[in-house]
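The values are calculated or read from the model by the stated rules, or taken from the named source; none is laboratory data. Only a predicted model underlies this, so the values are computations on that prediction, with no experimental measurement involved. Neighbour counts run over all protein chains shown; Cβ positions are idealised from the backbone, glycine included. Side chains are part of the model used for accessible areas, which takes the heavy atoms of the whole protein and leaves out ligands, DNA and RNA. Shrake-Rupley method; radii C 1.70, N 1.55, O 1.52, S 1.80 Å.
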Amino acid sequence: MHRWGCFATLLLACGHACFASSAPQPPQHGEDLLVTDNQIGRYGGTLVLAQRSEPKTLNPVTAADAPSREVIGRLTADLIHINRWTQNTEPALAKAWSVSNDGRVFTVKLRHGLRFSDGQPFDADDVVFSFQVYLDENVHSPQRDLLVVGGKPIKVQKIDQYSVRFTLAQPYAAAERIFDSLAMMPRHLLERPYKAGQFAQALTLNTPPAEIAGMGPFRVKQYIPGQRIVLERNPFYWKADRSKNRLPYLDELVFLFVGNEDAQAIRFQAGETDIISRLSAENYALLSKDVATRGTDFFDLGPSLEYDFLVFNLNDLRSKNLDSIAAKQAWFQAVKFRQAVSSAIDRDSIVKLVYTGHGAALWGNVSPSNKLWTDQMLPHTPYSLDRARELLKSEGFSWRSDGQLIDRQGVAVEFSVITSTSNAQRMKMATLIQDDLGKLGMNVHVVPLEFRALLDRVFQTYDYEASIMALGGGDADPNPEMNVWLSNGGTHLWRLGEARPATDWEALIDQLMQKQMVQLKYKERKHLYDQAQEIIAANVPFVFLATPNILVGARKNLGNFKPAILDPNTLWNVEQLYFIPGNGARPGEKP
Amino acid sequence: MKYLERRVIHGLLLLIGVSILCFALSAAAPGNFFDEMKLNPQISPSTVAGLRARYGFDQPLVWRYGHWVESVLRGEWGYSFAYNCPVRSLLLVRARNTLILTGLATLLAWLIAVPLGVWTANRRGRWDDRLSMASTSLLLSVPELVIALVLLYWAVRIHTLPVGGMASVDFGGLGVQAKLFDLALHLVVPVTTLVLASLPLLVRHIRASMIEVLQAPFVQAARAHGIGGARLLFRYALPAAANPLSSLLGLSVGALLSGSLLVEVITGWPGLGPLLLDAALARDIYVVVGAVMASTLFMIFGGILADILLVAVDPRVRLGKV
Amino acid sequence: MRIEETARHALKPALAKAAGLSKRYVQRAPFSYKSFVIDALVDVEFDIAPASLTALVGESGSGKSTLARCLAMLEKADRGEIWFEGKEVSRSSDRELKALRPKIQMVFQDSAGALNPGFTAAQIIAEPLEVQRRESGARLHSRACELMEEVGLSPNWADRRPLEFSGGQRQRLAIARAIALKPAFLILDESVSGLDLSTQAQILNLLLDLQKAHSLTYLLISHDLGLVGQIADFVAVMQQGKIVEQGPRREVFANPRHHHTRELLASVRLLRSNFRTAQAGGR
Amino acid sequence: MRKKQKIVAALMLLVALHLAILLAGFIAPYNPATQNRDFPFVPPTRFHFADARGHFHLRPFIYQWTVRPEGFNEYEEARGREYPVQFFVRGPEYTIAGLVRSDVHLFGVEGPARIFLAGSDGFGRDQFSRIMYGGQISLAAGLLATGISLFLGLLVGCISGFYGSWIDESAMRLVELFLVLPWLYLLLAVRSFLPLHISPTQTFFLLVAVIGTIGWARPARLVRGIVLSAKGRKYVTASRGFGATDSYILRRHVLPHTYGVLLTQAALLVPQYIVAEVTLSFLGLGVSEPVSSWGNLLANLQQYNVLASYWWMFAPALALVIISLGYLKVANAIHERLQSDSI
């Protein structure tokens, strides 16, 4: 148990004496601080939270796993940021930006006088360097593809010490959103390893804290392998509250590595952690039972941006030697078959039994909580076995006397659905769907597979018939989803690696998505994207199922706690979080 | 050749065998480390292909094995794709933690199992023997993960025990004594789980070997001479059962190591378990091979330890007559 | 009468014979480089006349049992030859060995250990017959009962297990098993030691009777020269893997040439006189 | 004679248990796959003898569960109507051992009430029925895997203990190898080579065969120790003296000594392999929905919320305890018998 109260006073006491103190530095002349409008908090305290698995790296360029990105997000900052609450972009390290009339040239003005967490100044050279690294093909950054617009990498030029120009090969809608979460990195520390071709090996967890610097609200203090990473306040952080108190309020931020979701819940229940994000619905139900005694609050933020779906394998299998699956594709390719499946699935049961009511049924790819892009006109096909039977009948299916569905040739309709064992919710969905489709006379086998094995089948061997998966959950904008809907996209799951659209409706989606990408006006863009959503919903390439609500919990005495739908749900405003004194001390803590 | 030298050579051969099979098995498992990126719509397939090539996934298995052996000789034990660093740096601390946990659990399990096994063998068929058999059956019927969860649930309820991890957040600022106490508190749940999970096997084997020994003529003779009770059981009978038990010790070290994997994961013990499981599921194969090699080393040492103990207990072995 | 027999035996060719037989055991202790070298047999030359009773005497550890096991083909010597019925047999093939085995049988010292405790008496006696496929089925059992009767055990006990018998009865069982295959040569490894005196005498009488009935050749191994003195035709004395003295019993007893033989004889006499004093005192 | 009775009693118990599981269709009141989506996680049904008016009933009756308005998955008894427990009632059709078709069940209640002897799971399926049906698969799998492991272990242990020298050395190295390798990968690899359309149950049995095959190492090592000591006995030497072959000696003098260890192992391994399916299902290799097995029923307990909220989900563990105690008793009784025979 830690005692953050005493710790804070202790820190303030020695603040002047220690050289590498993390006590907030007073604002300096000419420093362009961003002033937040949050409630004014109090300094001090350690915020503890648990991660499901260990972060793997502190390198923002190579990091691909969620826990690493969660930590790195607190250590670094971006030029333009998407406000997780409003879902709109806002200035961050960039004080302002302007866009040329054709939408191709962005001029970004940086804040003056900012410093990295090691006290070194931040300017345009760091920005140019950072983009150079992201765009370097030899670094193999997963973010590089984001920065390639119209087939060409974005051009980055320094104009002066505090302004940078970005040139895109073609107009790109909401281009400022791609700057979000692109961490600006210190050239003074990283240029050498980069030049030596060692960039991936820089910024590992074993790198000494003194050699790591970022623009984020915290900096690395200590890493204990397998146990935790401790971050301390960045004393030079560039945000301040209305009373000119430099943020963050918290002294330390500790990420414990606990292994899995249940362990996360147990730690929170025992009072060892202060915040819990993305609780499963079952654990939410369990933990919120003893709210009264434990000084904690739980929040249901409504549906997430993720969408669970059932997808049939429509891949071209001619070169694959998978005849038995190819034979079944005749069913899967029929729109009416897919529509029948969609009608026969009882989405309300999924929401009720899988998400214990904390979820929403889906009929399209955009979650109802995506404030900007939900299509209100999208039809919600009701759960109806009769309609499903009608559809199947009109497609030439019929039923044997024992209730088994057969196709025109008299072949019994029987297929397997693969799903990942790492996701208990999707396994449950599979069981419900199996039962639902059983009522239609379809013989469905549920085949749980370990996650990598599932990915191998979906992306590599195409050796599957149908699969339950989930996508989305990143940004609210349609652009990051492009590769799901474009027929040649790398995540066009139902039919991968198409040279040209296989059907008319896919060609139509291609056109609409390409158009919205270069359309700069929101209204027109929304109209195009709505049309795309409607076509997707009508042709059911994915049978959309449901989306879980975002469920979080936090200690009652956490000030400015404002969980959001967008990731990171609870820590997006970590610099503003503070402990309200005198209320709800940690259980087990001595006064 | 001296005994120890022979054991070391056997150990080396075993390590080589393990590494080869590990490689072969990991190559046979579907998917690879970079597959997960494919699910991200913002990463293009060509980027993933580039990464694969960079880490030699387009090379034949033999080439990769050779490459790995080379890096073992350099002391790196391969390279982790996920952590972007040599595997050795990942293993050392975690291997130590696993050793603390399994070492303590082995010790405790034996300290409990030996008296219990000896006692129940002596009381065969009585109520206390039956009780012990019934409770070991119960333990046998509950997966160790569930045992761990039940203990964690209990710890949550009683409030005084930490519910996972190895140290409190303020561990660094504690004195030596307080540190040890903190560590001990954190050990309670995982060690208890491992002990409970390994008890059934140990107790039953010890009981079975003791029953055999108790019927041997020399024990009957000792009984006839009026030697009885604990002295008979532990001074006369137990050493005679030492030989089969020492091979059980070797096995129990292995069983505990594999058992500790999941228990470490659920109780957040920062050992090889979470690393291995994470790496196995993510196909970070060199980490898997490294972690398996580390546990193989523990097994080998466990075996040598068992032999040393056997020599200490059984005079026949000491004199080279067996 | 015995003297004449001795003379007659001496004229016949030996039934079994060892020539230059050597055997060395090397053992290694764990955790050390030291190894123990035990020379169990050193250039042993040894003859056994047909239908005789030869006694092999020596202290424990002198190599008697090793010699017995080598002669019984249960162990292979490092060097040297073994002759049986005029043939060199120490390098026999498995096939030849199988034919040879029934002719050479052994009765062990520790009858409790040499009889499988899980078997019944009948099963024990029948085992050699079963192994050699001499009999099968019901015949096997009735043959076992006959053998039991022959060694003086009641066939009613055929279903008992060895631990239900007394030491002497167990020894009879072992003997019955050994003669089941009608061997020519019987090696008795300390077969009567460990039994009380009257039982010893009974067993020895049984052996002599059997010898008469089946014209058996005995090699009686014992550390007890006194016992041997009563019945053996020939005596051989072993010390540290070597045969130090060998000859007809009378000769060896009357005129021991090797000092070890003299020591052994002296201890026998001492023991006897002690025994007599003890008996006298007891009365 | 008392010992014989003991064996008979233990065997009878075990046979009765197996028979009950074989007759799952008759004893279980419902189809194990039928979902009652309105009743997830209902606690075991309570039996009553006295109704709300204080009248005493000779025949026990139950009340239907209804969802409590506040709170998720919390139920209370609807006291409005009593449903007496009936015997030999008609219900869903089933077949026993693929031969006998029937729809008569040992007990049940009139609809719409449902009798949940061991509560229901997250889909509202009757857990008692799932345990009964699940036992069929789990016991078959456990016995199969145990048989394979013991057979292989006996084979390798005997050969290596009996022949010694380099055979023994290499066999023991192999044992160590098998004890440390990450079998996870092997299982995953095996799964990936299996076509999807193999039925889930067949897949499972195949994997059970695989884990049985992997599991030979421990029995092999234990058997080897026994063989090593047994082959040094005097009566083995004696038997050799009669010209007994290796196989005769193994069969008659050595193998009987291993029975004790084999029995102890068997009583340990059967429940262990049944539980091992929990790990298998973690990798997606267990029996898959909607078929039930004790392994996948126990796997529910691995979710913290289930374990902490719904105590009746421990019922499958109880079933396994009863069965494994049965095995243990039989193993002990036979072992005792063997020992008393041999000493």
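Side notes on the structure shown:
- Cα-based values for the protein assembly as shown, radius of gyration first and Dmax second, are 40.8, 140 Å.
- Amide N of region A:135-151 lying under 15 Å from the label point, which is placed 7 angstrom from the Cα of residue A:170 along Cα→Cβ: A:147-151
- For B:44-51, mean number of other protein chain Cβ atoms within 10 Å: 5
- Selection from A:449, A:367, A:464, by position along the positive dipole direction of region A:306-548 (Cβ): A:367
- Proximal charge balance of residue C:186 [Cβ under 12 Å; K/R count +1, D/E count -1]: +2
- Accessible area (Å², 1.4 Å probe, nearest 10) - residue D:312: 20
- Relative contact order computed over chain A (Cα-Cα under 8 Å; 6+ residues apart), in percent: 19
- Principal-axis analysis of the Cα atoms of chain B puts helix B:242-267 at an angle of about 40° to the longest axis.
- Here each label is just a point 7 Å from Cα along the line to Cβ, and for residue D:107 and residue C:87 those points are 7.8 nm apart.
- Accessible area (Å², 1.4 Å probe, nearest 10) - residue C:47: 80
- Rounded FRET efficiency, nearest 0.05, which uses the C-beta distance separating residue D:50 from residue D:100 and R0 of 25 Å: 0.05
- Burial of 20 Å² or greater, region C:126-143 residues [accessible area, probe 1.4 Å, versus chain by itself]: C:127, C:130, C:131
- Rolling a 1.4 Å probe over the protein heavy atoms leaves residue D:87 with an accessible area of roughly 120 Å².
- For chain B, the longest site-free run once trypsin sites (Lys or Arg not before Pro) in DSSP loop states with at most 11 other Cβ atoms within 10 Å are removed: B:127-320
- Solvent-accessible area per residue in chain D equals 40 Å², computed with a 1.4 angstrom probe and all protein chains kept.
- Cα shape, chain D, gyration tensor, a/c 1.5 rule: prolate
- Averaged over peptide A:489-495, the number of partner chain Cβ atoms lying within 10 Å of each residue's Cβ comes to 4.
- Solvent-accessible ranking of B:110, C:83, largest area first, probe 1.4 Å: C:83, B:110
- Think of a 1.4 Å ball rolled over the protein heavy atoms: chain B then has 40 Å² of accessible area per residue.
- Among the trypsin sites (Lys or Arg not before Pro) in region A:470-524, those placed in a DSSP loop whose Cβ has at most 15 other Cβ atoms within 10 Å are A:521.
- Once the C-beta distance of residue A:330 and residue A:556 is scaled by a Förster radius of 60 Å, the resulting FRET efficiency is 0.55 to the nearest 0.05.
- Region B:276-302 and region A:98-118 have Cα centres lying 47 Å from one another.
- Using alpha-carbon coordinates, inclination of helix A:66-75 to the longest axis of chain A, degrees: 30
- Helix runs (DSSP H) in chain D reaching 27 Å along axis by Cα, Kyte-Doolittle at least 0.0: D:2-22, D:127-163, D:255-282, D:315-342
- Minimum 40 Å² accessible area buried by the other protein chains, region C:76-105 residues, probe 1.4 Å, relative to alone: C:101
- Sequence-distant contacts, meaning Cα pairs under 8 Å at least 6 residues apart, place the relative contact order of region D:45-115 at 25 percent.
- For region B:269-316, a drop of 40 Å² or more in accessible area on going from the chain alone to the assembled protein chains (1.4 Å probe) is found at B:270, B:278, B:281, B:283, B:299.
- Surface composition of the protein assembly as shown: carbon and sulfur make up 58 percent of the accessible area, probe 1.4 Å.
- 25 °C / 0.890 mPa s Stokes-Einstein diffusion coefficient of region B:88-318, Kirkwood radius on C-alpha pairs, µm²/s: 127
- For the listed peptides D:153-164, A:223-234, a ranking on the average number of other beta carbons within 10 Å per residue, highest first, reads A:223-234, D:153-164.
- Equivalent-ellipsoid semi-axes for region A:306-548 (Cα gyration tensor, √(5λ), whole Å, largest first): 28, 21, 18.
- The overall shape of region B:14-172, judged from the alpha-carbon gyration tensor, is prolate: a/c is not under 1.5, and a/b is greater than b/c.
- The distance between label points at residue A:293 and residue A:210 comes to 5.0 nm (points 7 Å beyond Cα on the Cα→Cβ vector).
- Residue by residue along B:72-81, Cβ atoms of other protein chains within 10 Å of the local Cβ number 1 on average.
- In this assembly, the D-B interface accounts for approximately 4500 Å² of buried accessible surface in total, computed with a 1.4 Å probe and without ligands, DNA or RNA.
- Model label points for residue A:100 and residue C:97, set 7 angstrom from Cα along the Cα-to-Cβ axis, are 9.7 nm apart.
- Across C:127, D:93, the residue with the most accessible area heads the list, and the full order at a 1.4 Å probe is D:93, C:127.
- Each chain gives up part of its surface: A and B jointly bury about 4500 Å² of accessible area, both sides summed, for a 1.4 Å probe.
- Heavy-atom SASA rank of D:55, B:225 (probe 1.4 Å, accessible area, largest first): B:225, D:55
- Proximity of backbone amide H atoms, modeled 1.01 Å from N, is registered between residue C:23 and C:40, C:41, C:42, C:43, C:78 at under 5 Å, excluding neighbours fewer than 5 places apart on the same chain.
- Interface size C-D, as summed buried accessible area [1.4 Å probe, Å², nearest 100]: 1800
- Heavy-atom accessible area per residue - chain C, 1.4 Å, Å²: 48
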